[in-house]
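Trainee: Mind having a look at this structure? Questions to follow.
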Amino acid sequence: MIYTVQGAPLFAYTGGKSFDPQKPTAVFIHGVLNDHSVWILQTRYFANHGWNVLAIDLPGHGKSGGKAPGSVQEAAQAIIGLLDAVGVSKAVLIGHSFGSLIALQATADNPTRVNQLAMVGTAYPMRVSAILLESSLNDPQKAIQMVNVFSHSTLAPPPSALGPGTWLLGGSKALMRRVLASNPDENIFHIGFKACDQYDQGEIAISKVICPILFVLGSKDQMTHPKAAQGLIKLARAGKVVYVNGGHQLMVEAPDETLNALYSFCKIS
Amino acid sequence: MPGYSDPGFDTLALHAGAAPDPSTGARAVPIHLTTSFVFESSDQAAALFNLERAGHVYSRISNPTNAVLEQRIAALEGGIGAIATASGQAALHLAITTLMGAGSHIVASSALYGGSHNLLHYTLSRFGIETTFVKPGDLQAWRAAVKPNTKLFFGETVGNPGMYVLDLPAVSQIAHAVGVPLLVDATLTSPWLMKPFDHGADLIVHSATKFLSGHGTVIGGLVVDGGSFDWSGPHTQGKFEELTKAYEGFHNMVFDEESTVGAFLLRARREGLRDFGACMSPHTAWLILQGIETLPLRMARHVSNTEKIVRFLATHPMVSRVGHPMLERHPSHELAQKLLPRGAGSVFSFDIQGTRQQGQAFIEALQVFSHLANVGDCRSLVIHPASTTHFRVDDETLKASGIGPGTVRLSIGLEDPEDLIDDLKRALKAAEKSGNKSGGVA
């Protein structure tokens, strides 16, 4: 589904369902150089279990138009813009990596519009190494290679997204190459990494959050090590932590565990 | 991931997709000979059917042993995933029928395995899918053959048995310019000799019966998706509705919306395997996995043995032609140097000087080479294509494929190369003697 947000088309995958104002709404926000499809299994489950799903392609990514957000704050405004465009007063925000910071900032800016916040594969500060920042700018294909080695924890995942027979490492690389190619006007890889690296409002933001927060962390995550989330966890007013046996790409590497954590959190809160 | 960079080919050949079995600790991949898998709950059952959770339901659609094989070949090819099928022919059929129906058109290389030619030329045309065959090296012919309803380019990485190397970068460029994917049959090269996705291919099929299995024991096929082709991309002009429009047969799913890079595999498994049913037996998958674990070692030996035998044949007075791209006079020599730096494979043909009878005498005198219809076995094999694999192909088409009436095809195995050369020497002598008796050219 395409919505007009901040004057540009913004794509949101809905799990194949039409919007129902009677149902609660969950917004899924992807990380750097990903798109809505990283949430395929979780979003289909939510959509078929009583939820409106809006799994977005961030502005300037994939099927969405507009300029790629240059900061977490800018991206957060697009999320609230989407809620306005759809006509949703309150929603659950679920973000992965870069997307988790966007969800956090959007919640902090609009605490009464967010019922629950889930931060998947998160860290704060979300520093990006100098070599990755440089590679994402000057040699994106090399950076894609590096990121994917760090983002996966195994050569033999259990049945993963898209299901049996999927080679995750190849799938994640192909997706990044496709998303990078989707915007020939901007290097959205570098822009995304820079936004993560420069974001310095995490502590202030989490202090403004009044809703329950779920942290879903990969016990083998080398990109955003669970240790790097502890600062935020300590500051969270109503925080819950679930460790999932997987690397950074939890949603595809351990889709069931990730879904179970997200769905039970949203159900009981 | 154990290190800081992508695992190498040999590591992937052993480990991709497989870990010790969590319930038993078994280190080798278990053979899951079961038709079905018990659901944990009604909700889990519904979620599996509706692609909300990943898992196995019924072995026609997926199976844990097959899934290891599928991940492994995808890893070795640099793809995003794969589907194991009952045979190489089933793999080709699955790839084609996932992308098109009646009223569609394919542009294909004329240098194809006879079975593939049959499928395209005779069988699929009966179902309304037409194919135009072009010489693989004639780039203008690929361009000129494109029609508004063309949905696929198809060729073999190295054509069987003339060994014409497909100019993948050039042909894929032509395909992509008209919004069409390039499917290649990479059976004769295997990912050890060439990774077609690195050169522009979008989809790969294998007859896993050959080098991947490597022991001449099972029939199987694989379809691998590189995840590179944009089915709703700017040049496609809406021609891949199978992937870009809601499919009533599976929850009205729009496959390329569900998965940005995996739309093809989603439909191929959920329609093609489900409805055509040409799935692989888990036992077969296990045997192919056993083969793949030693693929790097075997391919190196196949290539080194082949080089010795090609050199021997190229200087033998009874041999008028050796069709292997390692030789400078082969039309694909230059391209092979570029695309196949590890070697152009171990299946090739040569012509014996003399009559058909002399050719027959040659084959019958061989003792180490087995006379049969297969390639890519660990044992060395021999066949006469004009009377066997390509017997339905007319002379003109045969010539276009680089096959003459006296052409003999060899598939070089892993025996001691000296024994293979001795066997060939003896058989060539027999052919010479046969010519002397019958007054043929010697």
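Trainee: Please determine, by comparing only the residues of the stretch A:134-185 that are more than 30 Å from B:H32 (Cβ to Cβ) and touching a His at 6+ places or on another chain (Cβ under 8 Å), which one is surrounded by the fewest Cβ atoms within 10 Å (Cβ to Cβ). Before the answer, list the steps.
Mentor: Kept after step one, since they are more than 30 Å from B:H32 (Cβ to Cβ), are these residues of the stretch A:134-185: A:134-147, A:150, A:176-185.
Next, only the ones that are touching a His at 6+ places or on another chain (Cβ under 8 Å) stay: A:136-137, A:140, A:150, A:179, A:182-183.
Working: A:S136: 26, A:L137: 15, A:P140: 20, A:F150: 18, A:V179: 26, A:S182: 18, A:N183: 20.
Looking at the filtered set, the residue picked out is A:L137.
Trainee: Here's something else I'd like to know. When the stretch B:21-52 is examined, which residues are found to be within 22 Å of B:R274 (Cα to Cα) and not hydrophobic (A, V, I, L, M, F, W, C)? Even if it seems obvious, please write down each step before you answer.
Mentor: Applying the first criterion (within 22 Å of B:R274 (Cα to Cα)) to the stretch B:21-52 yields B:31-39, B:42-52.
Those that are within 22 Å of B:R274 (Cα to Cα) and not hydrophobic (A, V, I, L, M, F, W, C): B:H32, B:T34, B:T35, B:S36, B:S42, B:D43, B:Q44, B:N50, B:E52.
Trainee: Looking at B:A28, B:A108, which is the one that is more than 7 Å from chain A (Cβ to nearest Cβ) and either buried (at least 22 other Cβ atoms within 10 Å of the Cβ) or under 28 Å from B:F133 (Cβ atoms) (or both)?
Mentor: Working: B:A28 fails: either buried (at least 22 other Cβ atoms within 10 Å of the Cβ) or under 28 Å from B:F133 (Cβ atoms) (or both).
The conditions single out B:A108.
Trainee: For the stretch B:227-275, give me the residue count where each residue is touching a His at 6+ places or on another chain (Cβ under 9 Å), part of a loop (DSSP other than H, G, I, E, B) and either among the hydroxyl-bearing types (S, T, Y) or farther than 19 Å from A:S172 by Cβ (or both).
Mentor: So the count comes out to 3.
Trainee: Cβ-Cβ below 9 Å, separation at least six or inter-chain, first residue in the stretch A:16-44 and among the acidic types (D, E), second modelled with pLDDT of 95 or more and in a loop (DSSP other than H, G, I, E, B): which pairs?
Mentor: Close Cβ pairs (under 9 Å, with a partner that is modelled with pLDDT of 95 or more and in a loop (DSSP other than H, G, I, E, B)) amount to A:D35/A:D57; A:D35/A:L58; A:D35/A:H61; A:D35/A:G62; A:D35/A:K63; A:D35/A:S64; A:D35/A:S182; A:D35/B:T260.
Trainee: Specify which of the listed residues (B:P331, B:P341, B:P325) is of a type outside the set (S, T, Y), over 21 Å from B:T217 (Cα atoms) and buried (at least 23 other Cβ atoms within 10 Å of the Cβ). Step through it out loud before you land on a result.
Mentor: Working: B:P331 fails: buried (at least 23 other Cβ atoms within 10 Å of the Cβ); B:P341 fails: buried (at least 23 other Cβ atoms within 10 Å of the Cβ).
None of the others qualify; the one that does is B:P325.
Trainee: For the stretch B:70-95, what are the residues that are within 7 Å of chain A (Cβ to nearest Cβ), part of a helix (DSSP H, G or I) and either touching a Cys at 6+ places or on another chain (Cβ under 7 Å) or under 16 Å from B:D185 (Cβ atoms) (or both)? Please lay out each step first, then the result.
Mentor: Of the residues in the stretch B:70-95, the ones within 7 Å of chain A (Cβ to nearest Cβ) are B:70-71, B:74-75, B:78-83.
Cutting the leftovers down to part of a helix (DSSP H, G or I) gives us B:70-71, B:74-75.
Passing the criteria: none in range.
Trainee: Out of the stretch A:202-244, which residues are surrounded by 19 or more Cβ atoms within 10 Å (Cβ to Cβ), farther than 28 Å from A:V149 by Cα and out of contact with any Ser or Thr (no Cβ under 6 Å at 6 or more places or on another chain)?
Mentor: Passing the criteria: A:A205, A:I206, A:I213, A:A236.
Trainee: Name the residue, out of B:L222, B:L203, B:L166, that is more than 26 Å from B:R301 (Cα to Cα), crowded, with 21+ Cβ neighbours inside 10 Å and in contact with a Leu (Cβ under 9 Å, 6 or more places away or on another chain).
Mentor: Checking each option against the conditions leaves just B:L203.
Trainee: Please go through (1) crowded, with 20+ Cβ neighbours inside 10 Å; (2) aliphatic (A, V, I, L, M); (3) away from chain A (no Cβ under 14 Å) for B:L297 and return the number of the only condition it doesn't satisfy.
Mentor: Tallying (1) crowded, with 20+ Cβ neighbours inside 10 Å; (2) aliphatic (A, V, I, L, M); (3) away from chain A (no Cβ under 14 Å), B:L297 fails exactly one: (1).
Trainee: Among (1) among the small types (G, A, S); (2) more than 18 Å from the chain's Cα centre (by Cα); (3) within 12 Å of chain B (Cβ to nearest Cβ); (4) under 30 Å from A:K240 (Cα atoms), which single condition is A:A161 missing?
Mentor: Result: A:A161 fails condition (2) only.
Trainee: Tell me, please, whether a residue that is more than 14 Å from chain B (Cβ to nearest Cβ), aliphatic (A, V, I, L, M) and on the phi < 0 side of the Ramachandran plot can be found in the stretch A:215-222.
Mentor: As a first pass, look at the stretch A:215-222 and keep what is more than 14 Å from chain B (Cβ to nearest Cβ): A:215-217, A:219.
Then drop every residue that is not aliphatic (A, V, I, L, M), which leaves A:216-217.
Adding the requirement that they be on the phi < 0 side of the Ramachandran plot leaves A:216-217.
Yes, that holds for at least one residue.
The values are calculated or read from the model by the stated rules, or taken from the named source; none is laboratory data. Predicted model only: the values in this text are computed from it and were never measured. Neighbour counts are summed over all protein chains in view; Cβ atoms, including those assigned to glycine, are modelled from backbone coordinates with ideal geometry.
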